[in-house]
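Remarks on the structure that follows.
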Amino acid sequence: MAAHALSFNGSMAPAITGQYVPIVNGRRMAAGIPEVYIAKEIDNSRLVKVTDHKRQREIFMFSAVMGVVCTLMMLYVWQHFSSIQYGYRIEEQKASVERLQEENRALRLEEASLRAPERIDMLARRMGFAMPQVGQVQRLDSVNGDDGKGIVARASEFAVVAVAQ
């Protein structure tokens, strides 16, 4: 029977030769051959990068086009959000107008109830006022038959008053 070798991670893997070879980090390790890493220092200080003008032009054009696209997208987003904000403002103003109209209707109703002649008569009687006697009331709108044209003030005599100082 073939000999079995246990790998570092505990698995057994058959080799081509029929031996079992340990598997480390997913790689088969050859039996008896150590892995050697050699560090080599590389000096790139004398290298000079050659500028590629065609590549630079392509990068510049790509950047310019992407800048224009981004600017247009930001303009579109700004316009979209502004329209949404204006919509909210319009709805807020409509609600305010409706609220003010309702308040105006309520105030007009209150004014009408406060101007009711029956209410005024009842309050006057509570305060001790009495109905006017005949001849006690004079209407100003029919004085001297002016027919609603108005009255012009006239001065007939002048009086000069001296003030002592």
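What follows draws every value from the coordinates through simple rules; no lab data is involved. What you are looking at is a predicted structure, and each value in this text was computed from that prediction instead of being measured. Backbone-built Cβ (ideal geometry, glycine too); neighbour counts: all protein chains shown.
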**Study point:** Inter-probe distance in nm under a simple model that places probes 7 Å from Cα toward Cβ, at GLU110 and MET74
**Key:** 5.2
Study note, to complete from the structure: For HIS53 and ARG99, extending 7 Å from Cα along the Cα-Cβ vector and measuring point to point gives, in nm, a value of 6.9
**Study point:** Pairwise label distance in nanometres, GLN85 with MET66, each label 7 Å out on the Cα-Cβ vector
**Key:** 2.9
